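Chemist: Here it is: the structure, laid out below.
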Amino acid sequence: NAGVTQTPKFRVLKTGQSMTLLCAQDMNHEYMYWYRQDPGMGLRLIHYSVGEGTTAKGEVPDGYNVSRLKKQNFLLGLESAAPSQTSVYFCASLWRLAGGSSYEQYFGPGTRLTVT
Amino acid sequence: LAKTTQPISMDSYEGQEVNITCSHNNIATNDYITWYQQFPSQGPRFIIQGYKTKVTNEVASLFIPADRKSSTLSLPRVSLSDTAVYYCLVSRMDTGRRALTFGSGTRLQVQP
């Protein structure tokens, strides 16, 4: 059981380049999330998904797109990278107690992205 | 989502008990209170979650007063490895976006 994995771990892009970050979870969780964390700051939600084939915008969605074609995978795309997107990106999946409101969220190790 | 307020930073020494308090004045009836721990260069890690009164696990205790407008994370006998950022979150999962909002957290520094 690998939990939540992210690919790649590090990446350097030039302004205007595109890339896709992959998040995979093997816990059969319905909900998955993409966050970004800038130095010294908390996490900000970019996009999230409550199930296969569904996605929704979070707090800071501009400049990013996502897809959830398979339940276990959640992809984050940058179509035209900008220096302001330099950050650490964390993926998470969430387990929710059936019929209740309690939950537990599991995070991946992060992808450190630098845009020059 | 309920807004949370917690101290920006705290200092402690090894072996001491550390209590980090979080204020959440507009917490709703169905909201749960969850604490996460984050080490540098790692993703946040779930520590503990509660709804009311007291919850204890092998890592920490969570105290929630009757009005639920605040909560206190208690770390017994901290060690250097407890140096991390601690986040308090308040949210419910049965309605709404089913997403969690992180604040800036409390940076705990444990000294030898």
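Chemist: Heavy-atom accessible area per residue, chain B, 1.4 Å probe: how many Å²?
Modeler: Each residue of chain B exposes 49 Å² on average to a 1.4 Å probe.
Chemist: Something else: Where nothing but the Cβ of Lys and Arg (+1) and of Asp and Glu (-1) is charged, how large is the charge dipole of segment B:9-111 around its Cα centre, in debye to the nearest 20?
Modeler: Dipole size: approximately 380 debye.
Chemist: Determine ³J(HN,Hα), in whole Hz, for all residues of segment A:75-86 in sequence, where each value follows from phi through the Karplus function 6.51 cos²θ - 1.76 cosθ + 1.60 and θ = phi - 60°; x replaces Gly and Pro.
Modeler: 9, 10, x, 10, 6, 9, 5, 10, x, 5, 8, 5
Chemist: With r as the distance between the Cβ atoms of A:Glu104 and B:Asp11 and R0 = 30 Å, compute the FRET efficiency 1/(1 + (r/R0)^6) and round to 0.05.
Modeler: Once rounded, the FRET efficiency stands at 0.55.
Chemist: Okay, moving on. Return the long-range amide H neighbours of B:Gln16 (sequence gap of 5 or more, or a different chain), with a cut-off of under 5 Å between placed amide H atoms.
Modeler: Excluding prolines and chain starts, which carry no amide H, the hits are B:Val78.
Chemist: Step through the residues of segment B:52-65 one at a time and calculate ³J(HN,Hα) from phi using the Karplus curve (6.51 cos²θ - 1.76 cosθ + 1.60, θ = phi - 60°), rounding each to whole Hz and writing x for Gly and Pro.
Modeler: Along segment B:52-65, the couplings run 7, 6, 10, 10, 9, 9, 6, 9, 7, 10, 10, 10, 10, x Hz.
Chemist: With a 1.4 Å probe and all protein chains kept in place, how do B:Ser23, A:Ser84, B:Ser74 rank by accessible area, largest first?
Modeler: Descending order: A:Ser84, B:Ser23, B:Ser74.
Chemist: Something else about it: Read phi for every residue in segment A:56-64 and hand back ³J(HN,Hα) as whole Hz from Karplus 6.51 cos²θ - 1.76 cosθ + 1.60, θ = phi - 60°, with x for Gly and Pro.
Modeler: In residue order, the calculated couplings are 8, 7, x, 6, 10, x, 5, x, 10 Hz.
Chemist: Please work out the ratio of the alpha-carbon Rg of segment A:4-115 to 2.2 N^0.38 Å and round it to two decimals.
Modeler: 1.03
Chemist: Quick check for you: which residues of segment B:55-70 have the amide N under 13 Å from the point 7 Å beyond the Cα of B:Ser81 toward its beta carbon?
Modeler: Residues passing the 13 Å test: B:59.
Chemist: With +1 on each Lys and Arg Cβ and -1 on each Asp and Glu Cβ, how big is the dipole of segment A:4-115 about its Cα centre, in debye rounded to the nearest 20?
Modeler: In debye, rounded to 20, segment A:4-115 gives about 220.
Chemist: Residues with amide H under 5 Å of B:Ser70's amide H, sequence separation 5 or more or different chain, H placed in the peptide plane at 1.01 Å from N; which?
Modeler: B:His24
Chemist: Counting only protein heavy atoms and using a 1.4 Å probe, what share of the accessible area of the protein assembly as shown belongs to carbon plus sulfur, as a whole percent?
Modeler: Within the protein assembly as shown, the accessible surface is 51 percent carbon and sulfur.
Chemist: Right, another one. Two decimals, Cα atoms only, Kirkwood Rh: what is Rg/Rh over the protein assembly as shown?
Modeler: 0.97
Chemist: For segment B:36-70, list whatever residues lose no less than 20 Å² of accessible surface once every protein chain is in place, relative to that chain by itself, with the probe at 1.4 Å.
Modeler: For segment B:36-70, once contacts with the other chains are taken into account, B:Tyr36, B:Gln38, B:Ser41, B:Gly43, B:Pro44, B:Phe46, B:Gln49 lose 20 Å² or more.
Chemist: Given just the C-alpha atoms of segment B:9-111, how large is their convex hull per residue in cubic angstrom?
Modeler: Value for segment B:9-111: 99 Å³ per residue.
Chemist: Name the long-range amide H neighbours of B:Ile48: under 5 Å, sequence gap of 5 or more, or other chain; modelled H, no Pro or chain starts.
Modeler: Amide H neighbours of B:Ile48, under 5 Å, 5+ apart: B:Trp35.
The values are calculated or read from the model by the stated rules, or taken from the named source; none is laboratory data. Quick caveat, the model's predicted, so the values are computed rather than measured. Reconstructed Cβ throughout: ideal geometry from the backbone, glycine too, with neighbour counts over all protein chains shown. With ligands, DNA and RNA removed, areas are computed over all heavy atoms of the protein, side chains included. Shrake-Rupley method; radii C 1.70, N 1.55, O 1.52, S 1.80 Å.
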